[in-house]
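Everything below concerns the one structure shown next.
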Amino acid sequence: MAEGKVIPTRDSFGRLQDGTEISRFTFKNKNNITVRIINYGGIVTDILVPDKNGKVVDINLGFDDIKGYEARHPYFGAICGRVANRIAGGKFTLDGKEYQLAVNNGPNHLHGGVKGFDKMVWKARVDDDTLVLTYVSPDGEEHYPGELTVEVRYRLTNENELVIDYTATTTKATPINLTNHAYFNLAGQGYPNIDDHVLWIDAYTYTPLDQNIIPTGVITSVEGTAYDLRTPTRLGDRLKYVNNGKGYDINFCVGGQLGKLTRVASLEHPPSGRKMEVFTTEPGIQCYTGCNMATGVFGKGGVEYQKFASVCLETQHYANSVNQPNFPNTILRPGETYRHTTVYKFGLTA
Ligand code: GLA
């Protein structure tokens with residue numbers, strides 16, 4: 001084993017209803033952090049991290065078995081694509097041709113459609129310290145143009161970083177926007193609120209939404225709004241002022257130069273001392289604090305997940321970019337390579 005690297009091990013996570021066996025990969029680093037990932041949806045199933053006293057809990061919402069993930073759930077830990085987030089009316093025009101995708105979220109297309117990348121069985125192999133997941137999305141899948149070959153590389157370092165590298169190539173021009181949709185609660189998954197979490201997002205601007213939860217197209221300053229998280233903010237003090245008490249479900253335009261890995265957000269939980277920092281090459285973070293969480297979703301250990309009891313920090317391009325020429329480009333063309341890196345770094349508060 002190479003010195004200093006965390007080599008994943010593989011076991012079975014059971015079978016889908018159609019009999020397909022799903023593999024689970026476990027990374028355990030020298031600081032007692034464990035991350036588990038399955039090749040169904042590229043889902044991060046568990047993230048176990050110690051608190052300031054060494055007590056380890058799982059901070060990532062999800063299920064104990066494959067049955068939970070195969071049933072309907074709000075994208076726990078999953079890779080979302082071909083286009084994560086919303087496309088207005090599921091419609092777009094590309095090189096003069098109109099496309100109509102599935103409408104699976106009110107009037108909109110969400111997270112790749114009826115069967116997005118979160119529900120696919122990915123090919124998996126271990127390359128040294130990296131889990132390499134590949135998926136070939138056929139031309140026309142969910143009515144998207146072009147055969148898209150996607151590779152997602154996961155690794156955990158001894159510096160406590162969960163590194164996610166995404167690449168993709170296509171045979172025809174297509175929109176693309178990939179993210180991981182993990183839900184975090186640093187007090188431990190199943191804890192009934194996120195009030196004591198302190199959130200910092202390095203965004204001077206955000207993209208306000210219309211009544212259909214689609215960005216209006218305006219990129220506006222966070223100054224003087226509930227979207228100003230440039231100073232670390234305790235969520236229990238803030239959420240009631242956000243979107244009539246519904247909390248965050250919106251895109252923040254994060255700092256840094258597009259394509260350059262930059263520290264853009266942090267989430268801290270002072271009572272336990274757990275902390276998570278987010279680094280990304282992407283221009284946006286969809287921050288979602290679980291306002292749509294349905295009641296009756298029973299997660300790991302049978303605990304019923306509550307609304308407003310987790311935080312998603314989905315690094316990505318802005319929602320509906322394909323219809324907004326002033327947003328950073330999401331069109332991938334043949335001969336180009338889509339690249340995105342996001343790092344979730346775990347640690348303790350100072
Ligand atoms: C994203 C969306 C939310 C919600 C969740 C999944 O965060 O912006 O509105 O759909 O995914 O439920």
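The values are calculated or read from the model by the stated rules, or taken from the named source; none is laboratory data. Since the structure is predicted, the reported quantities are computational estimates derived from the model, not experimental observations. Every residue, glycine as well, gets a Cβ built from its backbone with ideal geometry; the counts of neighbours run over all protein chains shown. Areas reflect the complete protein model, heavy atoms only, side chains present, ligands, DNA and RNA absent. Shrake-Rupley method; radii C 1.70, N 1.55, O 1.52, S 1.80 Å.
Worth a mention:
- The range 156-250 holds strands (runs of 3 or more DSSP E) entirely within its bounds, and those carrying 1 or more residues that are closer than 24 Å to Asn329 by Cα, open to solvent by less than 60 Å² (accessible area, probe 1.4 Å) and out of contact with any Leu (no Cβ under 7 Å at 6 or more places or on another chain) map to 161-170, 203-206.
- Which listed residue, of Lys115, Lys91, is without any contact (Cβ under 8 Å) to a residue 40 or more places away in the chain and charged (D, E, K, R): Lys115
- The residue that is most open to solvent (accessible area, probe 1.4 Å), counting only those in the range 302-349 that are under 25 Å from Gly217 (Cβ atoms) and in contact with an Asp or Glu (Cβ under 7 Å, 6 or more places away or on another chain), is His317.
- The range 69-83 residues that are without any contact (Cβ under 8 Å) to a residue 12 or more places away in the chain and over 14 Å from Gly112 (Cβ atoms), paired with ones that are open to solvent by 10 Å² or more (accessible area, probe 1.4 Å) and within 12 Å of the ligand (Cβ to nearest atom) (beta carbon under 6 Å, 6 or more apart): none
- Out of Met276, Met293, sole residue that is modelled with pLDDT under 95 and within 17 Å of Leu61 (Cα to Cα): Met293
- Within the range 323-341, residues that are over 15 Å from Cys253 (Cα atoms) reach partners that are open to solvent by 50 Å² or more (accessible area, probe 1.4 Å) and assigned to a loop (DSSP other than H, G, I, E, B) with beta carbons closer than 7 Å, at six or more positions or on different chains, in the pairs Pro334/Thr171; Pro334/Lys172; Thr341/Leu261.
- Summed over the range 278-298, the residues that are open to solvent by 30 Å² or more (accessible area, probe 1.4 Å) and either without any contact (Cβ under 8 Å) to a residue 24 or more places away in the chain or away from the ligand (no atom under 16 Å from the Cβ) (or both) give a count of 4.
- Within the range 8-29, the set of residues being in a loop (DSSP other than H, G, I, E, B) and surrounded by 14 or more Cβ atoms within 10 Å (Cβ to Cβ) comprises Pro8, Leu16, Asn29.
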